[in-house]
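My questions all concern the structure below.
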Amino acid sequence: MNESALEPQSNCEHEVHDVYPSRVYSKPKILPRLDPVVYSAKSVSGPLTSGQLEFYEKNGYLFIENFFAEKEIETYRKELRRLSEEGKSSGKPEVIIEPESEEVRSVFAVHRDCETFAQLACDRRLVGIAKQILGSDVYIHQSRINFKPGFKGKEFYWHSDFETWHVEDGMPRMRAFSVSIALEDNYIFNGPLMVLPGSHKEFISCVGRTPDNHYKQSLKRQEFGVPDNENMKQWVKKYGIQIPTGKKGSILIFDCNIMHGSNSNITPFPRSNVFLVYNSVENRIVAPFSGQKPRPEYISHREYQPVL
């Protein structure tokens, strides 16, 4: 294959140059991060201390235990159970079913469709952290619940969220992050999130042209936009693997570009988390850099309203 013929093109519709080309080369490439990690000055006041911001900037994640009170978490758990039961037979596209069972894997757009999670997305503590890190007003790019029931919960393979959001959604720059709110105790053995601290400062440009309507398969098992084994070997050797775990009510904040994944859950202990993705209003998504049609609104919100 002639690699020069696959050089990335600008996103002509919006005249946005693709500074993080992926799925366009014949071989994977490591590209440097061109964007800040923390957009506000360290002196700007907010919920996070300067020490927490420094840790996040260096490592690409921050774990905070006991962030939510038990009463708050029980409210979210109640909604979790309702969504899980309703989702099994709903047939809604927002509900993703495990490919080899009838278990619910994920429910998307929970902040749009559930008042309880709409209020959670606007929680002043979370929004304060988002504004402090991203240096602007923010909106929800994506929200979902991931379920990992005991014995049956499947893995989420290594990936950078930004790679998919950039290629398939049209997120221009690395100015977003996720917050994962633990609704069950996260143990080291029930499939918790694993991160490569420091990997957020490099970008693996993946190979393989994105199939049309790829999201229909990738939300169940991702095969495109995942790193190659050789680069992953080198990155694990370089960065190591951290597994932040804690009781329900803890939160994990992680940069959009950090390499992360999770194992399947073969234990009796379920693991369920709410994910909220905050994106800067100055980083609104444009046309997908793959040149294909955007993923549906419930996965990638193009009509947005800043959370205050």
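If a residue must be in contact with a helix residue (DSSP H, G or I) (Cβ under 8 Å, 6 or more places away or on another chain) and of a type in the set (S, T, N, Q), how many such residues does segment 243-276 contain?
Within segment 243-276, residues that are in contact with a helix residue (DSSP H, G or I) (Cβ under 8 Å, 6 or more places away or on another chain) and of a type in the set (S, T, N, Q) number 2.
Considering only residues that are charged (D, E, K, R) and open to solvent by less than 10 Å² (accessible area, probe 1.4 Å), which ones fall in segment 169-188?
Matches in segment 169-188: Asp169 only.
Could you please find all residues in segment 11-32 being open to solvent by 30 Å² or more (accessible area, probe 1.4 Å), within 21 Å of Ser280 (Cβ to Cβ) and part of a loop (DSSP other than H, G, I, E, B)?
Glu13, His14, Glu15, His17, Val19
Still on this model: Determine if segment 44-59 includes at least one residue that is in contact with a Leu (Cβ under 8 Å, 6 or more places away or on another chain) and part of a loop (DSSP other than H, G, I, E, B).
yes
Do we find that Glu202 is modelled with pLDDT of 95 or more and not β-branched (Val, Ile, Thr) in this structure? Even if it seems obvious, please write down each step before you answer.
Details: modelled with pLDDT of 95 or more: yes; not β-branched (Val, Ile, Thr): yes.
Yes; evaluated as a whole, the condition is true for this residue.
Okay, moving on. Among helices (runs of 4 or more DSSP H) lying entirely in segment 88-151, which contain 1 or more residues that are among the polar types (S, T, N, Q) and either in contact with a strand residue (DSSP E or B) (Cβ under 9 Å, 6 or more places away or on another chain) or over 18 Å from Asp169 (Cβ atoms) (or both)?
115-121, 124-134
The values are calculated or read from the model by the stated rules, or taken from the named source; none is laboratory data. Everything numeric in this text was worked out from a predicted model, so none of it was measured. Methodologically, a virtual Cβ is constructed for each residue, glycine included, from the backbone with ideal geometry; neighbour enumeration extends over all protein chains shown. Note: areas computed on protein heavy atoms with side chains; ligands, DNA, RNA excluded. Shrake-Rupley method; radii C 1.70, N 1.55, O 1.52, S 1.80 Å.
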